[in-house]
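Here is the structure we will look at, set down as structure tokens.
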Amino acid sequence: MEKLRGFEIAKGFEDKGINLPERKTKFSAGYDIEAAEDITIPSFKKGMAPTLIKTGLKAYMQDDEALFLYNRSSNPKKRGLILANSVGVVHKDYYGNPDNDGHIMFAFYNIKDEDILVKKGECIGQGIFQKYLLVDNDAANGTRMSGFGSTGN
């Protein structure tokens, strides 16, 4: 069977009990993604960096697709967790990169007054595969050689 799009376990997480994402209902657009390990997200203080939550996953897709990472709708109100970048974008050429094998992470801020513990196996967000379009004069020909946040380096 030809591989079109999907999730795999990233290197270093093969024996960590990582669950591949699933849609929970027939008409869900998003695949629920879980935390790969317990992590505490500290209460936000001005100037702090977001906390990266590991998923233990990587994603493969077609040339004209990307994986978009969205927050759970309940996270901001119930847990005070917001995505630092609003929406994460995982590009096709992130898969298997030499820096981190394309390991997907979510960047969160905690806007509650207390630290929040996220436990391994808890759903932290969802991934949606989407097609994208190119402009007429597109001339991109660079090669991705790094991981998280490396576009343009």
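Computed from the coordinates by the stated procedures, all read-outs in this text should not be read as laboratory data. Computed from a predicted model, the values in this text were never measured in an experiment. Cβ placement follows ideal geometry from the backbone for every residue including glycine, while neighbour counts extend to all protein chains displayed.
Before moving on, here are some points about what is shown:
- Rounded to whole numbers, the Karplus 3J(HN,Hα) couplings from phi for the stretch 52-60 are 8, 9, 6, 10, x, 10, 9, 10, 10 Hz, using 6.51 cos²θ - 1.76 cosθ + 1.60 with θ = phi - 60°, and x at Gly and Pro.
- Taking N as its residue count, the alpha carbon Rg of the chain over 2.2 N^0.38 Å: 1.07
- The stretch between residue 131 and residue 52 holds 25.8 nm of extra length on full extension. This uses 0.36 nm per residue minus the Cα-Cα distance.
- Long-range HN-HN contacts of residue 43 with modeled amide H, under 5 Å: 115, 116
- Among 82-92, 57-67, sorting by the average number of other beta carbon atoms lying within 10 angstrom of each residue, highest first, gives 57-67, 82-92.
- Relative to its Kirkwood radius, the Cα radius of gyration of the stretch 1-82 gives an Rg/Rh of 1.00.
- Within a Gaussian network of the chain (alpha carbon springs, distance under 10 Å), most fluctuating of 75, 141, 110: 141
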